[in-house]
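Step one of this worksheet: look at the structure below.
The values are calculated or read from the model by the stated rules, or taken from the named source; none is laboratory data. All values derive from a computational prediction rather than experimental measurement. Quick reminder, even Gly has a Cβ in these numbers, built from the backbone with ideal geometry, and neighbours come from all protein chains shown. The protein model used for the area step is the full one, side chains on, heavy atoms only, and it has no ligands, DNA or RNA in it. Shrake-Rupley method; radii C 1.70, N 1.55, O 1.52, S 1.80 Å.
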Amino acid sequence: NKRKADGWRLRMAKLATANAALQTPPLPRLATTQRAPPSCKVSQQARRRPLLSGFAALSVLLPAIRRLARRPRLGRMSKAAALLAVAPSTTGDGRRKVSRSMNDREILQALQEQHGWSCQDMGAGGNCLFLSMASQVSAEDIQALLLRYPAWETQLGDREELDASWESKPVRERAALLRRIAMLDEADFIAELSTLVARGDPLPSETEWRTRELFTDMAEEFIGSNKTELAQSTSGYVLYDRVREAVRRYSLQQVCEYVLANADEYMETTGREGNWAGSSEMAALARALCRPVMAYGNNWVSQDEVQLVETVQPYFAAYPAEESRGEAIRVFQTQGGGHYQMLS
């Protein structure tokens, strides 16, 4: 009996120690942006979150451990069904809405179960976004684009020749053309924004959204390369947190001023073969090709959890201003930033 009592007291002491550890307050976190934009404009190593040590690591890990402890047992339910069964709320139209932490494997498994989609790696490096999109763009898309934007023909090549050769071009050549198309559309957008700002006109909602996306991508590009005042005015070691700080702190007027002041340097950098691209270029291609563009996965620049409304939601979605010419072009961002794959 004495041995049993000693064992019981030991177990209670361990439980009290564990409960005390769980009361350690987590580190403060910066607010996330409202939209999911994101991109991968720096090397994958530069984008990885640094390891913490000691009590700082413990305070970061404990909230995640508590979240895992609250996950229900999945039993015989599919992973996708189980994800939708956790902590539901509803949207304005009554659909179930869920927000939760998921890793790449869980997101891909849910997308496979719900839609039959899977990832295909089309190539590494800074061209990965355009390589992942190139095989989803048809010759008809390019033909329609040149009919809408005839002035671009001098930059892209003869319309009839492009129409005839698009399908036979290597994927890398098609990706290079998509990069040029994105830069042409961004230049047109900057000209439109400059006119609106100069006249003092209020920005239409779509223009404001895209301007903020450009600002976020510029912040990631220039903070990561230690350029412009953003690199000096934000503090911290983790790039994502510094970008979030800039997005949270800048007013719309400051955002517009920064975008217009740094647009030329940004487009010159992003327009170079092999440089990282992201959500701003997805938005440009959605408008130019008249096709929706959707990006799935995690995106540490903008959010900590994945949104589910009956199914896994993209962290970024851009829609054409006109009626869509076809289904969405889809990509998957791995590890929260750093690489894109084709999702089909």
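Summary table below
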item: Cα gyration tensor shape of the range 189-252, rounded if a/c is under 1.5, else prolate or oblate by comparing a/b with b/c; result: prolate
item: Spin-label model distance (nm) - S194 vs A164, 7 Å beyond Cα toward Cβ; result: 3.7
item: Spatial separation of Cα centroids for the range 108-126 and the range 190-263, in angstrom; result: 31
item: Cα pair distances in the range 115-271, grouped into 5 Å bins until the bin that holds the longest one, percent each; result: 1, 8, 15, 15, 16, 16, 13, 9, 5, 1, 0
item: Residue-count net charge about V331 - beta-carbon cut-off 12 Å; Lys, Arg +1, Asp, Glu -1; result: -1
item: Efficiency of FRET from Cβ geometry, A151 and S233, R₀ 45 Å, rounded to 0.05; result: 0.75
item: FRET E, pair E273, E323, Förster distance 25 Å, beta-carbon r, rounded to 0.05; result: 0.15
item: Per-peptide average of other Cβ atoms within 10 Å, ordering 205-216, 330-341 highest first; result: 330-341, 205-216
item: Chain lengthening between E140 and H115 when straightened (0.36 nm per residue, less Cα-Cα); result: 6.5 nm
item: Rounded to the nearest 10 Å², the accessible area of K97 at probe 1.4 Å; result: 80
item: Relative contact order of the range 187-344, pairs being alpha-carbon contacts under 8 Å that are 6 or more residues apart, as %; result: 18
item: Area of D188 that stays accessible when all protein chains are in place (1.4 Å probe, Å², to 10); result: 60
item: Cα gyration tensor category, rounded, prolate or oblate, for the range 137-227 with a/c compared to 1.5; result: oblate
item: Convex hull volume per residue in cubic angstrom - Cα atoms of the range 98-192; result: 167
item: Gain in span if fully extended, R248 to E265, counting 0.36 nm per residue against the direct Cα distance; result: 3.8 nm
item: Cubic angstrom per residue, convex hull over Cα atoms of the range 218-343; result: 138
